[in-house]
Amino acid sequence: MKIAGIDIDKDAIRVVELQKGMRTFSVASFFSVPVQNGNLSEALKEVSKRIADAEIVASLNGRDISFRGIRLPITDIKKIEKAVSFEAEELLPFSPDELVIDYQAIEKTEKDTAIAIVAAKKEKIAGYLNTLIENGIDPKAIDITPSAISAIAAYYLDQKDTYTVIHIGSADADLAVFHGKDIRFFRNIPLGEGWEREACNTLYIYQAISREEIKNIYMCGSREMDAILKKELFALCSIEPARIDLSKGADIKIEGNGEYAKALGLALREADGKGFKINLRKGELAYKKKDAELKKRIRYTSLLAGIAVFLLILNFSVKYYTIESRYQGVAKEIRKAFKEVFPDVKNIVNEGQQMKAAVAETKKKLRLLGGRVKGDVTALDIFKEVTERMPAEHRVLLFEFNLEGDKIRLFGETTSFEAADKIKEALLKSSMFKEVAISDAKIGAEQNKVKFRINITLKEQI
């Protein structure tokens, strides 16, 4: 099997074909086709002729995607997908119906799971796909630049600390931060005047928020600006960047051709399975090409599965009728106990859920009635203290004020990371608050807005 990664850049289309065996893979070919006078169609047609027998992986440009890292208090992978849609609706300025959303878990602990969410406009992906298919290229997957960079990092770098990989294209740069082989952050930066300073500022902010020191900076992609870029990044970030050597591997070698990094990364990700994988070709945009042998196997497997299901249903039916009478007896006892505890409830549908709802409502009323701090401070007084402490020189929007016991959680939006820090400093000056910490701050869907989460500990519980 051949797997082709294609990198469609402004000036050329670059392709790397990997030959995949049972347990190994190697470079079958790599080439580039120039885009003459902006005529992308002719270049795509030429590429399609040369990779006709390969499975193709393409990618959206970094500027066309939204990349967000979040941490969910969930460890069950089956439950994460439902939570992702809800979180994406909160994080992104578009309806989920307008987007194609995919994600990957990047770190899992006993209490929570860190995931990276990627979203792109459905119409953007559809337009991109139509252009490819009309010119003879039907990609199996639509991946993203961070996936390509992560595959390159996983294969060519042996790093356990926090580091950055910058891929330089003809019009923009893609910056990804990794810890070991796990991606932590991604940003696309247009190659305008002063973009190097913007890249270093981004890294500085990341370090300040994450409290992780970036040890190394690696470069891949175009070599045209290597000398200037190394000098600028060292002067701004005090880290001398190094170029990733694509001739390092015994089987995967592309001598002296750094501009093929993205195409190679896309093919590597699909062939080797390492790194960060996203496929935006989903739902109505899913890959439609079908293999006749695969369909035959599916039919055969379905027949066997049908027989197995029939036997399971038969076995289940026998057991069901055996335990049904016992269940009915237990249900009657539960209903009787519920009526004794809640005699005013006339319409009983689900005893367990209705009991939880009643308890929750009681707790809510108690919180609204309010406890006291030092005898004369209410929850409204604390809310007033928070809002009056907001710095007047910055625009601040609060979306969430959550008070439980001696803990307050704020979620809001402001104009910059500096403004978020000033909010924290202002709140620390309050005599009501014992501790104030920024738990999260990140650039929103609009680049000039920063979303933040602040946790506050009261001096006394309310």
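Quick note: the coordinates plus some simple rules give every number you see, no bench work behind them. Computed from a predicted model, the values in this text were never measured in an experiment. Cβ atoms come from the backbone with ideal geometry, glycine included; neighbour counts cover every protein chain shown.
At a glance:
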read-out	value
Whole-number D in µm²/s for the chain (Stokes-Einstein; Kirkwood sum over Cα pairs; 37 °C, 0.692 mPa s)	125 µm²/s
Computed Rg/Rh of region 36-140, alpha carbon atoms with Kirkwood Rh	1.10
Pairwise label distance in nanometres, Asp158 with Ile239, each label 7 Å out on the Cα-Cβ vector	2.0 nm
DSSP-defined beta bridges in region 1-134 - what % are antiparallel, rounded to 5	90 percent
Shape category assigned to region 15-93 from the gyration tensor of Cα positions, a/c cut at 1.5	oblate
Within straight-line cross-link reach of Lys274, aspartates and glutamates at Cα separation under 20 Å, skipping those fewer than 8 residues along the same chain	Asp7, Glu17, Glu55, Asp102, Glu107, Asp143, Asp158, Asp161, Asp174, Asp182, Asp245, Asp251
Cα centroid separation - region 183-201 against region 122-173, whole Å	17 Å
Inter-part distance where region 31-51 and region 397-453 are each reduced to a Cα centre, Å	50 Å
Radius of gyration and Dmax over the Cα atoms of region 205-285, both given in Å	16.3, 48
Region 118-172: trypsin sites (Lys or Arg not before Pro) in DSSP loop, at most 14 other beta carbons within 10 Å	Lys160
Ranked Ser416, Ser95, criterion: other C-beta atoms within 10 Å, fewest first	Ser95, Ser416
Sorted by Cβ neighbour density within 10 Å, fewest at the top, the residues Asp76, Asp161	Asp76, Asp161
Of every Cα-Cα pair in region 379-458, the percent that sits beyond 15 Å	50 percent
Dipole magnitude (debye, nearest 20) for the chain, charges at Cβ of Lys, Arg, Asp, Glu	1860 debye
Anchor Lys231: lysines whose Cα lies under 30 Å away (excluding residues fewer than 8 positions away in-chain)	Lys10, Lys160, Lys181, Lys215, Lys248, Lys253, Lys262, Lys442
Value of [θ]222 nm, deg cm²/dmol, for the chain, DSSP H segments ≥ 4, -39500 (n - 2.57) each, nearest 500	-13000 deg cm²/dmol
Long-range HN-HN contacts of Asp440 with modeled amide H, under 5 Å	Arg453
Cross-link pairs beyond the 28 Å C-alpha cut-off, checked among Lys111/Lys429; Lys20/Lys49; Lys20/Lys277; Lys79/Lys282	Lys111/Lys429
Residue exposure sequence - Cys200, Cys220 - by fewest surrounding Cβ within 10 Å	Cys200, Cys220
With at most 16 other Cβ atoms within 10 Å, longest stretch of the chain clear of loop GluC sites (Glu not before Pro) (DSSP)	256-392
Karplus (6.51, -1.76, 1.60) ³J(HN,Hα), θ = phi - 60°, over region 394-408, in Hz, Gly and Pro reported as x	10, 7, 10, 10, 9, 9, 8, 10, 10, 10, 9, x, 9, 10, 10
